[in-house]
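S.K.: Next up is a structure, given as C-alpha cells.
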Amino acid sequence: MPADLLALAPHLTDRDLMIASWLVRHDVLTTEQIAQAFFTSPITARHRLVQLLRLHWLSRFHRPLPGGGFTPWQWVIGPLGAAWHAAANGEDPPTLTALRRRWARLAASPTLNHRLGCHQFFIDLHSPGRAGTSGARLQWWLSANESAEAFLQRIHPDGAGRYGTVRFFAEHDTGSESISQLVQKLDAYASLRADGGPGWPVLFHLPTERREVLVHLALDRARLPVPLATCVHGQPPTGQVWRLAQAGPQRRHLADLPCDPATNTIYGAGL
C-alpha cells in the first residue's frame, strides 16, 4: 500500500470506507444523498465531506443551471479513495488521468439527473431500515451495470435490490419515453423468466399519477410473466404505496409484493 495511504489510515472511519465503496460502485451521489444514507445530521455530513475532499479521499463537481447558478455538489471517488478501494480488492489503482476522464464523463452526462433520481429511490429504501423505523430494510443494492452483469446482459434495469425478503428490479422513469416504450421493457424480463430467470417484481417508479394510470391501463389485458408494481415520485417507497398490476387499486408495502426465485441458478447467482 502506498505510503500516503498508510498515513491516511488513522484519519478514516468505517463510514468513510463505506462512502468510498458506494461511490466506486454507483459513481456519483449528492451531498444530500450521502447525508441521508450515512449521517444523522446534514451539518456533520457537510463538514466530514469537506474533510474527505481535503484528504483527496473524495472529489466533487457541480454543473451550471440554465437560469444561472449551479447545482448542489455532486460527489465522486477521489484519488486516494480509489487507490484504497483498489488495494483492498487486489487491483491496480486508476491513474489520475483515468479518474479525471471518469469525472468529466459524469459531469457532462445527459443522463446524470436520471442516475441521481434512481440513486435517490434506493437511498429512500435504505434510510428507514438503517434508522430502525421499519421491520424490513434494504439488504443490498446493485447498480445498473452490476445488475446487467449478474443476469448475463439479458436485462438492463436501473438497479436491483433486496428489501426484506423481496428481491426486485427497479426502473426509474422520468417521462421521457412513451407508455408503449416503457411497457416494452417487460419483454426482456419475460424472456429471462422463460429461460429460468427469477420472477422478481419489476418496480416502475413513475413521475406523475397520470402516468401511473396510463401504465396500468396499458397492462390491464397484457400477459405479465413477472409481477409489476408502480408508485409515484415523492411517495415513500417504504410505505404502503405500491400498486400491483392487474390486482386492483389497493396499495401494498414493497415487502409484501410477490417474488419467485430463479429456477436456473446461472442468473443472479448468490443474490
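S.K.: Hey, among the residues in segment 143-168 that are in a loop (DSSP other than H, G, I, E, B) and closer than 23 Å to ASN113 by Cα, which one's farthest from the chain's Cα centre (by Cα)? Please lay out each step first, then the result.
M.R.: In the first step, residues of segment 143-168 are kept if they are in a loop (DSSP other than H, G, I, E, B); the result is 143, 151-158, 164-165.
Filter once more, so that each one left must be closer than 23 Å to ASN113 by Cα: 143, 155-158.
Values: SER143: 6, ILE155: 16, HIS156: 13, PRO157: 10, ASP158: 7 Å.
In this case the residue turns out to be ILE155.
S.K.: Go through segment 177-210 and give me each residue that's closer than 15 Å to GLY117 by Cα and free of Cβ contacts under 8 Å to residues at least 40 places away in the same chain.
M.R.: So the first thing to find is which residues in segment 177-210 are closer than 15 Å to GLY117 by Cα, and the list is 203-208.
Within segment 177-210, PHE204, LEU206, PRO207, THR208 qualify.
Here is a yes/no grid of residues against (1) among the polar types (S, T, N, Q); (2) surrounded by 16 or more Cβ atoms within 10 Å (Cβ to Cβ); (3) at pLDDT 95 or above:
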site: GLY161; (1), (2), (3): no, yes, yes
site: GLU171; (1), (2), (3): no, yes, yes
site: THR174; (1), (2), (3): yes, no, yes
site: VAL213; (1), (2), (3): no, no, yes
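S.K.: Would you call LEU228 assigned by TED's automatic domain parsing to the domain that holds ARG162 and under 17 Å from PHE169 (Cα atoms)? Before you say what the answer is, go through the steps one by one.
M.R.: Working: assigned by TED's automatic domain parsing to the domain that holds ARG162: yes; under 17 Å from PHE169 (Cα atoms): yes.
For LEU228, the condition - assigned by TED's automatic domain parsing to the domain that holds ARG162 and under 17 Å from PHE169 (Cα atoms) - is met.
S.K.: For segment 21-73, which residues satisfy the criterion of being closer than 21 Å to LEU8 by Cα, in contact with a strand residue (DSSP E or B) (Cβ under 7 Å, 6 or more places away or on another chain) and not in a helix (DSSP H, G or I)?
M.R.: LEU58, SER59, ARG60
S.K.: Can you tell me which residues in segment 52-71 are surrounded by 13 or more Cβ atoms within 10 Å (Cβ to Cβ) and more than 13 Å from ALA107 (Cβ to Cβ)?
M.R.: Taking segment 52-71 and keeping what is surrounded by 13 or more Cβ atoms within 10 Å (Cβ to Cβ), we get 52-53, 55-63, 71.
LEU52, LEU53, LEU55, HIS56, TRP57, LEU58, listed by residue number.
S.K.: Being closer than 23 Å to ILE155 by Cα, of a type in the set (Lys, Arg), exposed (fewer than 14 other Cβ atoms within 10 Å of the Cβ) and in the same structural domain as ILE155 (by TED's automatic domain parsing) is the requirement here; does ARG243 meet it?
M.R.: Numbers: closer than 23 Å to ILE155 by Cα: yes; of a type in the set (Lys, Arg): yes; exposed (fewer than 14 other Cβ atoms within 10 Å of the Cβ): no; in the same structural domain as ILE155 (by TED's automatic domain parsing): yes.
It is false that ARG243 is closer than 23 Å to ILE155 by Cα, of a type in the set (Lys, Arg), exposed (fewer than 14 other Cβ atoms within 10 Å of the Cβ) and in the same structural domain as ILE155 (by TED's automatic domain parsing).
S.K.: Could you tell me whether GLY175 is of a type in the set (Gly, Ala, Ser) and in contact with a Pro (Cβ under 8 Å, 6 or more places away or on another chain)?
M.R.: Numbers: of a type in the set (Gly, Ala, Ser): yes; in contact with a Pro (Cβ under 8 Å, 6 or more places away or on another chain): yes.
Considered against the rule, which asks whether it is of a type in the set (Gly, Ala, Ser) and in contact with a Pro (Cβ under 8 Å, 6 or more places away or on another chain), GLY175 comes out as yes.
The values are calculated or read from the model by the stated rules, or taken from the named source; none is laboratory data. These figures come from a predicted structure and were not determined experimentally. A quick note on method: Cβ atoms are made from the backbone with ideal geometry, for glycine too, and the neighbour counts reach across all protein chains shown.
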